[in-house]
Amino acid sequence: MDREVRKIKQGLALKFSELVYNGFWHSPECEFLRHCIGRSQEAVVGTVRLSVFKGQVYILGRESPRSLYNEELVSMNVQGDYEPADATGFININSLRLKEYHRLQSKVTVKQDE
């Protein structure tokens, strides 16, 4: 799974566990979640090595023939379709909401101090 699908699936898993805990296994919403979670797992194959100790589970390693991780694509040393300077644009775009949030927070702070 890619990162964004995994994030959504984790959120759905929380809702799923709440529904099951409250006895709604046969509800339409639980059926929908089972379908979504099942769909997200269709392409997942591989092996995970675990260690279990005192109620804790530790992942020791994992491998998959369908892994989305590609070392060549994440290296700045490999020629690809982007330049290291592209990271600046990415950071600037993704920081806009944070800059606006802090700008508004500073206005609120100034008004409260007046």
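Look at region 8-24 and say how many of its residues are part of a loop (DSSP other than H, G, I, E, B) and either among the aromatic types (Phe, Trp, Tyr) or closer than 15 Å to Gln41 by Cα (or both).
The total comes to 1.
Scanning region 45-74 for residues that are surrounded by 10 or more Cβ atoms within 10 Å (Cβ to Cβ) and part of a loop (DSSP other than H, G, I, E, B), which turns out modelled with the highest pLDDT?
Among those residues, the one meeting the criterion is Gly46.
What single numbered condition from (1) at pLDDT 90 or above; (2) of a type in the set (A, V, I, L, M, F, W, C); (3) open to solvent by 70 Å² or more (accessible area, probe 1.4 Å) fails to hold for Cys36?
Cys36 satisfies all of (1) at pLDDT 90 or above; (2) of a type in the set (A, V, I, L, M, F, W, C); (3) open to solvent by 70 Å² or more (accessible area, probe 1.4 Å) except (3).
Residues in region 28-61 that are touching a strand residue (DSSP E or B) at 6+ places or on another chain (Cβ under 8 Å) and not basic (Lys, Arg): how many? Give the steps one after another, and end with the answer.
Of all residues in region 28-61, those touching a strand residue (DSSP E or B) at 6+ places or on another chain (Cβ under 8 Å) come to 46-52, 57-61.
If we keep only those that are not basic (Lys, Arg) as well, we get 46-48, 50-52, 57-61.
Number of matching residues: 11.
The values are calculated or read from the model by the stated rules, or taken from the named source; none is laboratory data. Predicted model only: the values in this text are computed from it and were never measured. No Cβ is skipped: glycine too gets one built from the backbone with ideal geometry, and neighbour counts run over all protein chains shown. Keep in mind that these areas ignore ligands, DNA and RNA; they rest on the heavy atoms of the full protein, side chains included. Shrake-Rupley method; radii C 1.70, N 1.55, O 1.52, S 1.80 Å.
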